[in-house]
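These notes concern the structure reproduced below.
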Amino acid sequence: VRIKDSLYDVHLGENILQEFCERNAEAFQKVDQIVVISDENVWNLHKDYFQQNFSLPYKIHLVPNGEACKTFESYFNVQTFLLQENCSRNSILFALGGGAVGDLTGFVASTFMRGIPFYQIPTTILAHDSAVGGKTAINHPNGKNMIGAFYQPKEVLYDFHFLQTLPETEVRSGLAEVIKHALISDENWVNEFLHLASIADIQKRELLVWLEKGIRVKAQIVELDEREQSYRKYLNFGHTYGHAIEASVGYGKITHGEAVMIGLIPALMLSELHGKVEVGYAHKVFGLAKKLGYQFQHVLNCSFEQLATFMLKDKKTTNGELHFALLQKIGEPFVKVISMEEVKKCDEQLRKWIE
Ligand code: NAD
Ligand code: ZN
């Protein structure tokens, strides 16, 4: 991934940590502290594997599981730990976990002593997305991801070994972002999903190929536009309505990916209207999502008014205008201002399909 002055590699595969440690053993002798940040779930499941494969000396600091680690409190606790361990500008951090641990660790790294290097070791499918591109953040009680920085990792080590323990809800969550990457880049790739009958139908080898493809799509886009001035907005496909669902249902009560999957449907409906996406495509993807077990019932528990309020508060909304990422055709994204009335029509259509 090449972003302005930073250039970093994303390594994918099984058992890649050992190779990383061997490759860097000499260079890291100059580093005074290596600190690994992980959450309790991940550490309990993968401590042994990590210890066997990560042969560099390190200190471990555990944070609460998942989203609960993206608070001011745990941000503060990590900084305190680093200070107590006498970390300096010459120390480095590793994020071992899902997107939440990655976002927190990246933000800590961006601010500790005005910035120290960090490495991503993503352990979820979703993190194929979050570990690349340099968006880091914690949450504020008034809004998710509101406090953060653009700060690129030094390297991403995506060891597929970790994915074996992911519960199905997390597989589903991550897969939504993979499907999003397919929709904005390649129609033939989307067809591979349309053949699936269930989550269990996914072959491991096939998943690994998809993750690599997804990372390439993400990398290509962020290389063109790190700070979301233009092309990076394409990555928000499905996220305007999706984020509103996520906020209305409540963080923690629905996964990010499940909300994104729901959000993809209105985005596809609008792409049929404003792009040249074949009529019926949104319904086809809706059918796929149901086969894969995404729970659309969540929509019925939110009023449209509630969703509209969240859409207007979204970072993607400027001067009350909703900037929707849409598709000209499958694989060809563009951004268009959409009126709330139009979103409401899609919402009504979606509710009819669900009922
Ligand atoms: P997560 O990090 O919250 O992890 C989800 C759950 O899975 C947690 O309970 C975690 O402990 C557990 N887990 C992680 N790895 C596991 C494994 N290998 N086996 C079993 N359990 C495991 O969730 P996520 O879906 O990876 O990431 C979501 C976060 O990512 C959100 O905070 C979101 O805002 C952020 N995000 C960031 C970006 C970005 O560009 N920075 C992009 C998308 C999402
Ligand atoms: Zn997302």
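The values are calculated or read from the model by the stated rules, or taken from the named source; none is laboratory data. This is a predicted model, so every value here is computed, not measured. Note that we place each Cβ from the backbone using ideal geometry, even for glycine, and neighbour counts take in every protein chain shown.
Odds and ends about this structure:
- Selection of the stretch 242-294 for residues being of a type in the set (K, R) and more than 26 Å from K313 (Cβ to Cβ) yields K276, K284, K290, K291.
- Scanning the stretch 39-48 for residues that are within 10 Å of ligand 1 (Cβ to nearest atom) and either farther than 16 Å from A100 by Cβ or in a helix (DSSP H, G or I) (or both) yields E40, N41, V42, W43, N44, L45, H46.
- Residue satisfying condition, being outside the structural domain of H140 (by TED's automatic domain parsing), of a type outside the set (K, R) and without any contact (Cβ under 8 Å) to a residue 40 or more places away in the chain, within set E332, E321: E321
- T80 meets the conditions (1) of a type in the set (S, T, N, Q); (2) more than 9 Å from ligand 1 (Cβ to nearest atom); (3) surrounded by 16 or more Cβ atoms within 10 Å (Cβ to Cβ) in every case but one. The failed one is (3).
- Considering the stretch 112-126, and only residues there that are in contact with a helix residue (DSSP H, G or I) (Cβ under 8 Å, 6 or more places away or on another chain) and among the hydroxyl-bearing types (S, T, Y), the residue that is surrounded by the fewest Cβ atoms within 10 Å (Cβ to Cβ) turns out to be T124.
- Filtering the stretch 165-180 to residues that are touching a helix residue (DSSP H, G or I) at 6+ places or on another chain (Cβ under 9 Å) and either surrounded by fewer than 18 Cβ atoms within 10 Å (Cβ to Cβ) or within 18 Å of G275 (Cβ to Cβ) (or both) leaves T165, E168, T169, I179, K180.
- Taking the numbered list (1) away from ligand 1 (no atom under 11 Å from the Cβ); (2) touching a Cys at 6+ places or on another chain (Cβ under 9 Å) in turn, V101 passes all entries but (1).
- Which listed residue, of Y231, Y241, is touching a Leu at 6+ places or on another chain (Cβ under 8 Å) and free of Cβ contacts under 8 Å to residues at least 24 places away in the same chain: Y231
- For the stretch 212-244, residues that are away from ligand 1 (no atom under 14 Å from the Cβ) and buried (at least 21 other Cβ atoms within 10 Å of the Cβ) total 3.
- Checking each residue in the stretch 110-167 for being over 27 Å from Q18 (Cβ atoms), among the charged types (D, E, K, R) and away from ligand 1 (no atom under 11 Å from the Cβ) picks out only R114.
- When restricted to residues that are among the aromatic types (F, W, Y) and touching a Gly at 6+ places or on another chain (Cβ under 9 Å), the stretch 247-293 contains 0.
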